[in-house]
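Each value in this text was obtained by applying a stated rule to the coordinates, not by laboratory testing. Bear in mind the structure is a predicted one, so any value in this text is a computation, not a measurement. Cβ sites come from the backbone with ideal geometry, for glycine too, and all protein chains shown count toward neighbours.
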Amino acid sequence: MAAVGAGCAASLSGCSTFLEDASAFREGWRTAEVTEVASARGLRRGGRTDCRQTASSQQLAASRFARLSYRSGMSKHSHVVLVADGLRVIAGDVVFTNVMRCGTPLEVRSRPMADSIKTGSSREPDQLPTPNF
């Protein structure tokens, strides 16, 4: 009987996590790939949401914007978001942000491995491991 209770508790926490994830998605939180980073005028296309439309004239003149892309079901979606000053973000990075709230900081989750090796990013090893023969 204790095993059944533990199984139910485990399944309820799984349901809780699923409901939290679904709620976060409805609120605009996405993990997406950066496809382009440029000035407001330099971005080639827009997206479902486009933070350039609500940006101040100062932000439009001085800030960088990123176009993000992700798949949901069979559809591919894009959003244009503001990149915080000083944040290094490049095409190919995987980021987490709220695409519905302009100004939400981007959290870089991963970076292409080739770029990490070239730049010596602190998120990746400084060198490739040397095999022991």
_³J(HN,Hα) computed for each position of the stretch 63-78 - Karplus, 6.51 cos²θ - 1.76 cosθ + 1.60, integer Hz, glycine/proline x_ = 9, 9, 10, 10, 9, 10, 9, 8, 9, 10, x, 9, 9, 9, 10, 10
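Working out 0.36 nm times the residue gap between Trp29 and Phe96, then minus their Cα-Cα distance, what length gain in nm do you get to one decimal?
Details: separation 67, 0.36 × 67 = 24.12 nm, distance 0.71 nm.
Taking 0.36 nm per residue and subtracting the Cα distance, the gain is 23.4 nm.
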*Vicinal HN-Hα couplings computed from phi for the stretch 30-39 (Karplus, 6.51 cos²θ - 1.76 cosθ + 1.60; Hz; Gly/Pro x)*: 9, 9, 9, 9, 6, 9, 6, 10, 6, 5
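Suppose R0 equals 22 Å. What FRET efficiency, 1/(1 + (r/R0)^6) with r the Cβ-Cβ distance, do Asp85 and Met113 give to the nearest 0.05? Provide the component values of the computation, followed by the final result.
Details: r = 27 Å, r/R0 = 1.21.
Efficiency, rounded to the nearest 0.05: 0.25.
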